[in-house]
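Quick notes on the structure that follows.
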Amino acid sequence: MGSRTATAPVFSAAYPAHLVASWPLGVAHSITVRPIRPEDIDLETEFARKLSKETRYNRFLGGGVRLTPEMLEKFTRIDFSRDMALIATATIEGAETAIGVARYARLADDVTCEFAITVADSWQGCGIGRKLLAMLVDSARGHGVRRIIGDVLSTNTPMLRLARSQGFRIDWHPDGAELRRVVLELVADPVPAPNIPISAES
């Protein structure tokens, strides 16, 4: 770890500290979820480095994305007045370790945001993704977002099931059959769209 993780973090007035949450997970670990900070760049870097090829492929909708230092810095410097990024951590062998990251970014219409969630391979299936998604939805609703969307590979069945369990509908994607668009309307949708089966064939 670099020296930036050794100093106490300095919260700006805009840091949404009210979103910090912890809960027990089994008998060995307690999970903390909090808005990400610039000081977390080392945690974010190590988290990304350890992702399996499949998890990275699902997160970035392909295998060609290379996470540069500039991208990782952008991922940890958030304008919380518009966007949100949450990091889930656990203490493992005495060190804080990132085990999940979730974020949304507001789109140009200012009422829609696009979200993404990634959970470390060894922690998938523990309910972390569900917790992160629920917190993202609550934050978006509290910031006046009207619609949350996400692009998911059609083969990423766990993510599609998670989205549906949280009230998202699953739509065909305009870019092709290999993708699905998951949509959650935070206000009444006047024209409901078809909710396609998770395993539907193109």
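The values are calculated or read from the model by the stated rules, or taken from the named source; none is laboratory data. Predicted model, so just to flag it, every value in this text is computed and none were measured. Ideal geometry is used to build each Cβ from the backbone, glycine not excepted, and the neighbour counts take in all protein chains shown. Calculation scope for accessible area: heavy atoms of the full protein, side chains included, ligands and nucleic acids excluded. Shrake-Rupley method; radii C 1.70, N 1.55, O 1.52, S 1.80 Å.
What the table shows:
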{"item": "Residue that is modelled with the lowest pLDDT, among those in segment 1-21 that are touching a Ser or Thr at 6+ places or on another chain (Cβ under 8 Å) and surrounded by fewer than 13 Cβ atoms within 10 Å (Cβ to Cβ)", "result": "14"}
{"item": "Residues being free of Cβ contacts under 8 Å to residues at least 24 places away in the same chain, part of a strand (DSSP E or B) and open to solvent by 70 Å² or more (accessible area, probe 1.4 Å) - total across segment 59-105", "result": "0"}
{"item": "Odd one out for residue 140, checked against (1) open to solvent by 40 Å² or more (accessible area, probe 1.4 Å); (2) small (Gly, Ala, Ser); (3) in contact with a Cys (Cβ under 6 Å, 6 or more places away or on another chain)", "result": "(1)"}
{"item": "Tally of residues being among the aliphatic types (A, V, I, L, M) and open to solvent by less than 10 Å² (accessible area, probe 1.4 Å) across segment 153-169", "result": "2"}
{"item": "Segment 106-124, subset farther than 17 Å from residue 186 by Cβ and of a type in the set (A, V, I, L, M, F, W, C), residue most open to solvent (accessible area, probe 1.4 Å)", "result": "108"}
